[in-house]
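The values are calculated or read from the model by the stated rules, or taken from the named source; none is laboratory data. What you are looking at is a predicted structure, and each value in this text was computed from that prediction instead of being measured. Virtual Cβ from ideal backbone geometry, glycine too; neighbours counted across all protein chains shown.
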Amino acid sequence: MIRPATPEDVPALLAIWNAEIRETLVTFNWIEKTADEMREMIATRPAFLVADEGAGPLGFATYTQFRGGVGYRHTMEHTIILGPAARGRGVGRALISAIEDHARAGGAHSLFAGVSAANPEGRAFHAAVGFAEVAVLPQVGRKAGQWLDLVLMQKFLS
């Protein structure tokens, strides 16, 4: 089931997100999220959705405006992160579909994903759900002593 995140979800969401921060190059961030940051995102993002099969969040998706300024008000960027138990089961597809529906209902014209080039599974997932690679930003991130490329992927919603 896809549902809005609640403050009670924060410990599980932190476990999912911070594992990706600590253990992978999926995100270029190496500073773990805090409970206060997570609560603020849940409270202020247009949508912060979780996939939950009854035992707590398996993963989440959220989005914000792509860049600041009124000229970008119809262009959004999303984040989607799944815990290991959710992968390969259609959970990501359900979350991205719900985020797309929410963004579309709010007037979004397109949705971006910034995917680490070191994340071939993330690139394949986004391609499979209709995102196109529109740019590669070489060596814009640095983590674990490596320069990392960012692949921008876009899907038009209207």
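Couple of notes before you dig in:
- Looking only at residues of region 40-64 that are of a type outside the set (Asp, Glu) and modelled with pLDDT under 95, we find that the one that is nearest to MET1 (Cα to Cα) is GLY54.
- Filter result for the condition that a residue is more than 13 Å from the chain's Cα centre (by Cα), surrounded by fewer than 16 Cβ atoms within 10 Å (Cβ to Cβ), modelled with pLDDT of 95 or more and not in a helix (DSSP H, G or I), over GLU37, GLU32: GLU32
- Residue that is nearest to ILE96 (Cα to Cα), among those in region 13-28 that are under 16 Å from the mean Cα position of the chain (by Cα) and without any contact (Cβ under 8 Å) to a residue 60 or more places away in the chain: LEU13
- Failed criterion for ARG73 (all others in (1) within 15 Å of the chain's Cα centre (by Cα); (2) farther than 19 Å from VAL115 by Cβ hold): (1)
- Out of PHE66, PHE48, PHE60, sole residue that is closer than 20 Å to ALA15 by Cβ, touching a Ser or Thr at 6+ places or on another chain (Cβ under 7 Å), surrounded by 15 or more Cβ atoms within 10 Å (Cβ to Cβ) and touching a residue at least 40 places away in the same chain (Cβ under 8 Å): PHE48
- Search result, residues across region 69-88 that are loosely packed, with under 15 Cβ neighbours inside 10 Å and touching a Leu at 6+ places or on another chain (Cβ under 8 Å): ALA85
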